[in-house]
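For reference, the structure discussed in these notes is given below.
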Amino acid sequence: MALYFVGIDISKYKHDCCILSAVDQNVVSKFVFLNNKDGFDLLLHSLRSLGKPEDIRIGFESTSHYALNLELFLEKAHHSFMEVNPVLISEYKKSTTLRRTKTDPIDCEAIARWLMTVEYKPHSTGFYHAYSLKSLTRLRDRLVRQRSLYLVKITNVLDHTFPEFKPFFQERFSKTALYLLETYGTAEKMSHLNTASYEKLRKISRGKFSPQKFLELKMLAANSVGECNSIFETELHCLLTLYRGLADQISYLESEINGLIEEIHPRYMTIPGIGSLSAAVIYAEYGDISNFSSPSQLLAFAGLEPGINDSGTESHGGRMVKRGSSTLRYVLLNCALPLIRFDITFAAYYAKKRAEGKPHRVAMSHVVKKLLRVIFTLERKNIDFNAQSLR
């Protein structure tokens, strides 16, 4: 059985391809194909000339969205493929030469030769859900950050126009606070609120905004030291409009994300503290857990493992490497917080690490490691979370 290794260097408009024979490790073919139908047909014709799809191992670097169309094309053509971390290819090239050269023809051959040295782990079929979730969750993350920036800018304007407003609402922009800003905007207008205004506020707050708070707000507005200026009023209106638009888009994205993750419904959604949005990020970043052979690989993929320095007489662990997805690390750490509050096993494990003298953040990283072991077990055994079986 003739075995072939195919390395593809992905770029926006064209892809470089190198085909190696496993028999003599020589280059069988090296060519460039465009990122269009003719180019894909050229690649497929070259692959079919080699033999059966199961005798061909294809690899390319993980390069954002540029490879998506090629991945879908290969899947429809019944060819497997393996995504490669660009860092691994970079380190492999450094180990084979001292020259600092980077060209697409060199890179595609490096990918093919690297494939010959590792266990081939083809990408799971039906990966479109994972890609869709990755796109949506990362877009949501960007929009949430932008929304937070607008809240900061709104606060800056209020510092000029009505500095007493935000402390009155415990430094939070609640639904009631936003309604007041969008409807009235200035301290002067809020000082003239009437009984009809209160009834609307009471309904919005579901009765939490009491008459006493209403009268207190009017008093604060009447005696505010803020500056009543039409420029600030215009700025506040624009910022609130932008904030509201972002909030609506985030809600729409969350509904789409919830629908997709419910279709998949991974087993780790049964763990207390992992909601649909957190589960969506975990699935989007990890994909099929069966691609990983151990929980330590999950840890390394997220960049949560400690660095190791072992050279000569010096041997010690280092700080968290923080490679991989920062979004994934953030979500995993956030998922661990409710676990140490409400699950006795995780709480005891956290307390044990703190008793060993580890700081809070280090102890939390150990809790995340335990959480990943649980996630790995649930997905591999296809079972739901059971607190009684934890140890």
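Quick notes
- Average accessible surface for the stretch 225-295: 48 Å² per residue, computed with a 1.4 Å probe over protein heavy atoms with every protein chain in place.
- Peptides 348-356, 327-335 ordered by average Cβ neighbours within 10 Å, highest first: 327-335, 348-356
- Qualifying aspartates and glutamates (Cα of each under 18 Å from Cα of Lys369; at least 8 residues distant if same chain): Glu285, Glu305, Asp343, Glu356, Glu379
- Here the Karplus curve 6.51 cos²θ - 1.76 cosθ + 1.60, taken at θ = phi - 60°, turns the phi angles of the stretch 205-218 into couplings of 8, 6, x, 6, 8, 6, x, 4, 5, 4, 5, 5, 5, 4 Hz, with x standing for Gly and Pro.
- Translational diffusion coefficient of the stretch 29-170 (Stokes-Einstein, Kirkwood radius from Cα pairs, 25 °C, 0.890 mPa s): 129 µm²/s.
- Each peptide among 109-121, 220-232, 3-15 gets the average number of other Cβ atoms lying within 10 Å of its residues, and from highest to lowest they stand as 3-15, 109-121, 220-232.
- Projecting the Cα atoms of Leu34, Tyr92, Leu44 onto the charge dipole of the stretch 1-108, computed from C-beta unit charges around the Cα centre, puts Tyr92 farthest toward the positive end.
- Options [x] -0.62; [y] -0.88; [z] -0.71 - which one matches log10 I(q)/I(0) by the Debye sum over Cα atoms at q = 0.10 Å⁻¹ as calculated here: [y]
- Lys14 long-range amide H proximity, modeled H, under 5 Å: Asn35
- If you take all other residues with their beta carbon under 12 Å from the beta carbon of Arg202, and give Lys and Arg +1 and Asp and Glu -1, the sum is +4.
- Local charge for Ile271 was computed over the other residues whose Cβ lies under 13 Å away, with Lys and Arg +1 and Asp and Glu -1, and equals 0.
- For the stretch 1-97, the extents of the C-alpha atoms along the principal axes are 35, 34, 20 Å, listed from largest to smallest.
- The orientation-averaged projected area of the convex hull spanned by the Cα atoms of the stretch 162-298 comes to 12.0 nm².
- Per-residue ellipticity at 222 nm from helix content only, as computed over the chain with -39500 (n - 2.57) for each DSSP H run of at least four residues, stands at -18000 deg cm²/dmol.
- With the alpha-carbon atoms of the stretch 167-208 aligned to their principal axes, the span from lowest to highest coordinate is 23, 22, 15 Å, starting with the largest.
- Of all accessible heavy-atom area on the chain, the percent that carbon and sulfur account for (1.4 Å): 52
- For the stretch 367-383, backbone phi angles converted through the Karplus equation (6.51, -1.76, 1.60; θ = phi - 60°) give residue-by-residue couplings of 5, 4, 4, 5, 4, 5, 5, 5, 4, 4, 5, 4, 6, 5, 8, 6, 10 Hz, Gly and Pro being listed as x.
- HN-Hα J in Hz across the stretch 338-347 - Karplus 6.51, -1.76, 1.60, θ = phi - 60°, x for Gly and Pro: x, 5, 6, 8, 10, 10, 5, 5, 5, 5
The values are calculated or read from the model by the stated rules, or taken from the named source; none is laboratory data. These figures come from a predicted structure and were not determined experimentally. Counting neighbours? That spans all protein chains shown, and the Cβs are built from the backbone with ideal geometry, glycine included. Only protein heavy atoms, including side chains, enter the accessible area calculation; ligands, DNA and RNA are left aside. Shrake-Rupley method; radii C 1.70, N 1.55, O 1.52, S 1.80 Å.
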